[in-house]
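Here's the structure we're looking at; comments come further down.
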Amino acid sequence: MPIATGDKIPDEKVMVVTKEGFDLAQTGELLGKGKVVLFGVPGAFTPTCSDHHLPGFMIRAEELKAKGVDTVACVSVNDAFVMKAWGENQGVGDKVTLIADGNGDFTRAMDLVFDGSGIGLGSRSKRYAAIIEDGVITALNVESKAGLDVSSAETILAAL
């Protein structure tokens, strides 16, 4: 059953992109303190993710922080090398924390797996955005179809 509002964020090992490369982290610690906006994308370098979803959160990062958000983070079922290259390509800097869920453990624990095997993508993350406060999900918007409607930066900003 998918994670829901009121649930605690799963504690799984992931890789976090840093200026120096990447570091191993636990999602419970990384996403469990303060107010966090977490958005999941099906894949780095994919059209909607690269053209709209990530850029929207980068553009709105200061507005989100002004509303009390401590961390804006993006997770994808990609390896750390791909996430680092994507961050460099997109000019992310320190606006968004990029999380590589290379094995999909966090995504499976959230039960937000998208089966893209029919189009050559394998198991990926569904597109979503969540507001997390001290490790508890207070809002979760999962896209029900292709596109970017309920998980955009503007939607999350309005929910804060």
Among residues of region 72-116 being assigned to a strand (DSSP E or B), within 15 Å of residue 25 (Cα to Cα) and not aliphatic (A, V, I, L, M), the residue nearest to the chain's Cα centre (by Cα) is 74
Residues satisfying the stated conditions in region 35-81, i.e. within 17 Å of residue 18 (Cβ to Cβ) and in contact with a Leu (Cβ under 7 Å, 6 or more places away or on another chain): 72, 73, 74, 75
Those residues of region 20-69 which are more than 22 Å from residue 105 (Cα to Cα), outside any helix (DSSP H, G or I) and modelled with pLDDT of 95 or more, in sequence order: 34, 35, 60, 67, 68, 69
Are any of the residues in region 94-107 out of contact with any Ser or Thr (no Cβ under 7 Å at 6 or more places or on another chain), under 16 Å from residue 11 (Cα atoms) and among the polar types (S, T, N, Q)? yes
Output the strands (runs of 3 or more DSSP E) that fall wholly within region 117-160 and possess 1 or more residues being β-branched (Val, Ile, Thr), or say none. 128-133, 136-142
Identify, please: which residue in region 94-140 is hydroxyl-bearing (Ser, Thr, Tyr) and under 17 Å from residue 160 (Cβ atoms) and is, among those, surrounded by the most Cβ atoms within 10 Å (Cβ to Cβ)? 128
Counted residues, region 34-48 - those being under 15 Å from residue 77 (Cβ atoms) and in contact (Cβ under 8 Å) with a residue 40 or more places away in the chain: 8
Boolean, residue 143 is free of Cβ contacts under 8 Å to residues at least 24 places away in the same chain, buried (at least 19 other Cβ atoms within 10 Å of the Cβ), at negative phi and of a type in the set (Asp, Glu): yes
Inspect all residues belonging to region 122-129 and state whether any of them is out of contact with any Asp or Glu (no Cβ under 9 Å at 6 or more places or on another chain), in contact (Cβ under 8 Å) with a residue 40 or more places away in the chain and not hydrophobic (A, V, I, L, M, F, W, C). no
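The values are calculated or read from the model by the stated rules, or taken from the named source; none is laboratory data. Here the structure is a predicted model, which means the values were calculated and not measured. We place every Cβ from the backbone using ideal geometry, glycine too, and count neighbours over all the protein chains shown.
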